[in-house]
Amino acid sequence: MLKKINHFLATGFYSGHLPYAPGTWGSLLMVVLVFAFPILNNIHLISALSLGGVAVANFEERQTGIKDDSKIVIDEMAGQLLAYYTLPLTTPVLIGAFVLFRIFDITKPWLIDKVQTLPSGWGVMLDDILAGLTTLIILKIILFLI
């Protein structure tokens, strides 16, 4: 039962099993969830999802034997949620954060690429956390300037 629950969480309620770009599906799931339930956009949930994601990803890797399996999307969900922290959840912000986050998550510039070499769940989660943080900082600057 624990294996099934962990897999359900690791794959973002099975969104990681959708064809083509599972990370994008996991990110999109979080966009929909935070739009439907704005209360999710809080530091406690972001922290719990991020730290819990390390344990979930560790367990999933041990079960499958696959390092950073593309079906694991809890990392994209945590990073996407972090990208919205303290921002107004307007349609332009939701879309802008989604696009920016996916760009940083896919291209993995500089430090984002480096941290994914960390062992197990830390490597799985931290690149997406940094992508989410980078997205948040850029959007904060843009919103400050306009």
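The values are calculated or read from the model by the stated rules, or taken from the named source; none is laboratory data. None of these values were measured; they are calculated from a predicted model. Note: ideal-geometry Cβ built from the backbone for every residue, glycine included; neighbour counts use all protein chains shown. We work out accessible area using only protein heavy atoms, side chains counted, and drop any ligands, DNA or RNA first. Shrake-Rupley method; radii C 1.70, N 1.55, O 1.52, S 1.80 Å.
Residues of region 70-114 being surrounded by fewer than 14 Cβ atoms within 10 Å (Cβ to Cβ) and of a type in the set (S, T, N, Q), which ones? Passing the criteria: 70, 86, 90, 91, 107.
Take residues that are within 14 Å of the chain's Cα centre (by Cα) and at pLDDT 95 or above and tell me which of the helices (runs of 4 or more DSSP H) falling wholly in region 77-146 contain 3 or more. Full working, then the answer.
Working: elements: 91-107, 111-115, 120-145.
In region 77-146, 91-107, 120-145 are the helices (runs of 4 or more DSSP H) which contain 3 or more residues that are within 14 Å of the chain's Cα centre (by Cα) and at pLDDT 95 or above.
Selection within region 42-52: residues that are closer than 16 Å to residue 84 by Cβ and under 13 Å from the mean Cα position of the chain (by Cα). The member of this set that is surrounded by the most Cβ atoms within 10 Å (Cβ to Cβ) is 49. Among the residues making up region 15-40, those that are over 12 Å from residue 77 (Cα atoms), open to solvent by 70 Å² or more (accessible area, probe 1.4 Å) and modelled with pLDDT of 95 or more are 17, 18, 35, 37, 38, 39.
When region 53-69 is examined, which residues are found to be open to solvent by 30 Å² or more (accessible area, probe 1.4 Å) and either assigned to a helix (DSSP H, G or I) or closer than 12 Å to residue 129 by Cβ (or both)?
Narrowing region 53-69 to residues open to solvent by 30 Å² or more (accessible area, probe 1.4 Å): 55, 58-59, 62-68.
Residues satisfying the conditions are 55, 58, 59, 62, 63, 64.
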